[in-house]
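Report on the structure given below.
The values are calculated or read from the model by the stated rules, or taken from the named source; none is laboratory data. This is a predicted model, so every value here is computed, not measured. Using ideal geometry, Cβ is built from the backbone for each residue, glycine included, and neighbour counts are taken over all protein chains shown.
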Amino acid sequence: MNSQRTTPRLRFILIAAVAIVLLALQVMTLFPNISTPLDGLELGARDTMMRLRGPEPVSGDIVIVAIDDASFSWTGYQWPWPRAYLAQIVDAVNKGGARVVGLDVFLFQEGRDPGGDETLAKALSESPAAVLDMQISRDPLQHGTATLNLPLKQYREILDGIGITTIIQDKDAITRSIQAYDQYGETVYYNWAFEAARLFTNGSAPSAPSAAGLTFNNQQIPLRNGQLLVNFAGPGGTYPTYSAYKVVLGDVLAENPNAFKDKIILIGATTLSLHDVYPTPFSAQKPTAGVEIVANAIDTLVSGRYLRATQPWVALVIIIAMALLASLISRIHRPSMTIGIMAGGIILYAIAAYISFITQALYIPTVGPQLMLFLGVVLPTLEQAVSQEMEKRRVRNLFTRFISPEMVDQLIATQDITSLNKRADISILFSDIRGFTTLSEKLSPEEVVEVLNPYLEAMTRVIDNFGGTVDKYEGDAIIAFFGEPVVHEDHALRAVRTAVEMRKALVALHQQWQREHRPYHIEIGIGINSGEVFVGLLGSAQRINYTIIGDNANLASRLQDLTKTYQWPILISESTYQQVKDEFDTELADSVTVKGKTQPVNVYKLLGRKNAPKSDRIQLWNQQTPDQNKSE
C-alpha cells in the first residue's frame, strides 16, 4: 500500500523538478549577460531548421562588389584603399545602371590620397541613390558613454541615407541578426540595410522603433530585443559577387552589361584579412562577409520574408503543457508503450515546429518543450524500472536464502506459477549430522549456532556450486535435489559430486575450528537416490514452499538412515549407481527391504572417483584420523 501511494508522488516530484529547472533556464535566457545550455540549444535548433530548409532563391536585386584578396593582389594597395580608387568602383557601377549604391567603408577621416574624398563624393553624388555607414560606439569602461561617428561633411551633403552597421553575434558567437536601430541623444539612427531597402523601394522611412518592432514601408517589422532576425538565403557567396578590380577594369560589364542594372550594389570587404567575416547558421558550408550579411538583411526587408520568434512567455506555457502531458504518459504501466508515445510526441512536435518555420517563418521553442517531455517521461520510467529491479533483487536475495537462485529467477520471470508443478526425473540428496541431537544437549544455544550455521552455509555453498536446489533444512538435516528447476541431464553425477565435495568441505570446517581452538567435531551421512518425483509449489495462502514429494524422495531419506547401519558416509541407490558407475567406484553394501518398499533394493557404498589416490577415497568414520581428514 505504501509503495503504491509513493510511486505517483515520486513521479510528480520528478516531473515538477524537471519543469522548474527548465522554466528557470528559460527565464535566464532573457538576460543578455547570462548564457545557459538551453539558450545555446534553442539557437542551434533554429540553425538546424534553416539548414534543413536549405538555401533559398535570392531576389536578384542585390549584387556585391568584393574588396577581396584578388583585388588586393591586382592593385597592390594596402588598406585603406585610396578614395580615388573607390570612386572608380562607384563610377563603374553607376555606368552599369545601379539604382542604389551602398559603400560599406567608414569615411570618418580624410583619405590619404589628396583630392580623393572630393572625387569619391562626386562619384556618389552621381549615383541615383547612395548610402554610407555611420557608427555609434560605446565604451563599457566609461559606463557606456556613446560616441557618434559620421561620414565626412562632403559625403553627408550628397548622401541619400546613412545608417548604423552593427552586426549582432549571439552568445555562441554566431551571427543571426543585425541591430535595427540605435539612439544618440534625441536622434534615432536605423541600420543602413533599412536605408538601402527604403531607397530601392521608394518607401517610407522607418519609424516608431521599439524592442518588439518598428514601422517600415507601412508595415510592422518584427524585432527581437531591437534586432532584426536575418532570413539568410544561404552560406557566403549566395549573392552575385564580383571582384572590385574586375569591375574597375570593365570586365564585368563586358561579360554582362546588365550585371548592375536597376540593382542594389553593395561595395564591401570579403577578405579574411580585414576581419569582417562572421559565422552564420550556414557557416558549416562557408562563413559570410559582413557586407553579405547586410545583403541578406536587405533581401529580408525587400521580400517581406521576416523571421519571427514567439514571445518568451510562450515557451513557459508550452513547457508547462509538456509537463502535464509527460505526467499523463508516465501513468501508462507498459514501458514500451510509454516510450513509444513519448518518442511520437517529440517527433510530431519537431515536425510541427519545422512546418511553422518554413511556412510562417515563425520559430517556436523546440528544445525546452522536447526536453520537458523526454525527461518528464524517461526519469519516472527509469525510476520505476530501477525501483522494480531493486525490488526484484531484494526479493531474490531474500528467497535465495530458502530456495535456489535458479528457482527464484523462474518465480520472478514466469507468468503462470502453476507451470512449475510437474513430475520430473531428478536426483535427491539427504544429509544428516551423526549424533547431533546428543551433541547439542552438551552445548549451549550459542555454541549450537556456532556449529550449525557455518556447517549449513558451507554445505549449501557446495550444493549451489553444482546447480542443486536446497529443498529445506530440518534441524541439522539438509534435503536437496538436482535436475529442477533447471534441467540437468547429468543430475545423478551432480548429486554424487556434491556429496564428495560436502565431505571435503566438512574437513575444511574441522580445520577452521581447530585453528580457532573450538572443540567441535561432527560427521555426516548422505543418501542419494535418482528417480521420478513430484516437484512444485505446495503450501497454503500464507506460506508456500518449492519442494519434492514421492517414493523416490523417501528412498533417499532411508539410504541416509542406513549410513548409520553400515557406518559408511555416502550410500547411493541402484538407479543412481547406474548413472555414475563410469566415473565413481562403488561397492554393493547390501540388498535390503527398506520401509515403504516391498521389494529389496540394492544399496551401494560410494568409494570415490575412479583412479583417485587413497587419501581422496571415502573411508569408514572410525578409520579416519585427523591427518587423513586434512588430506581428504
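Specify which of the listed residues (Ser243, Ser283) is within 25 Å of Thr29 (Cα to Cα) and either of a type in the set (A, V, I, L, M) or outside the structural domain of Leu373 (by TED's automatic domain parsing) (or both). Working first, answer last.
On the way: Ser243 fails: within 25 Å of Thr29 (Cα to Cα).
Only one candidate passes the filter, namely Ser283.
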Residue among Ile158, Ile164 that is in contact with a Phe, Trp or Tyr (Cβ under 6 Å, 6 or more places away or on another chain) and among the aliphatic types (A, V, I, L, M): Ile164
Residue among Val100, Val63, Val58 that alone is β-branched (Val, Ile, Thr) and at pLDDT below 95: Val58
Residue match in segment 71-88 (condition: among the aromatic types (Phe, Trp, Tyr), at pLDDT below 95 and either more than 16 Å from Lys246 (Cβ to Cβ) or in contact with a His (Cβ under 7 Å, 6 or more places away or on another chain) (or both)): yes
Residue satisfying condition, being under 22 Å from Leu266 (Cβ atoms) and in contact with a strand residue (DSSP E or B) (Cβ under 7 Å, 6 or more places away or on another chain), within set Thr145, Thr201, Thr165: Thr165
Hits in segment 191-214 (condition: assigned to a strand (DSSP E or B) and crowded, with 24+ Cβ neighbours inside 10 Å): Asn191
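Take the residues of segment 430-439 that are more than 59 Å from the chain's Cα centre (by Cα) and modelled with pLDDT of 80 or more: which is surrounded by the most Cβ atoms within 10 Å (Cβ to Cβ)? Don't jump to the end; show me each part of the working.
First, the residues of segment 430-439 that are more than 59 Å from the chain's Cα centre (by Cα): 434-439.
Filter once more, so that each one left must be modelled with pLDDT of 80 or more: 434, 436.
Numbers: Arg434: 17, Phe436: 20.
Among those that are more than 59 Å from the chain's Cα centre (by Cα) and modelled with pLDDT of 80 or more, it is Phe436.
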Residue match in segment 51-69 (condition: assigned by TED's automatic domain parsing to the domain that holds Val248, surrounded by 23 or more Cβ atoms within 10 Å (Cβ to Cβ) and in a helix (DSSP H, G or I)): no
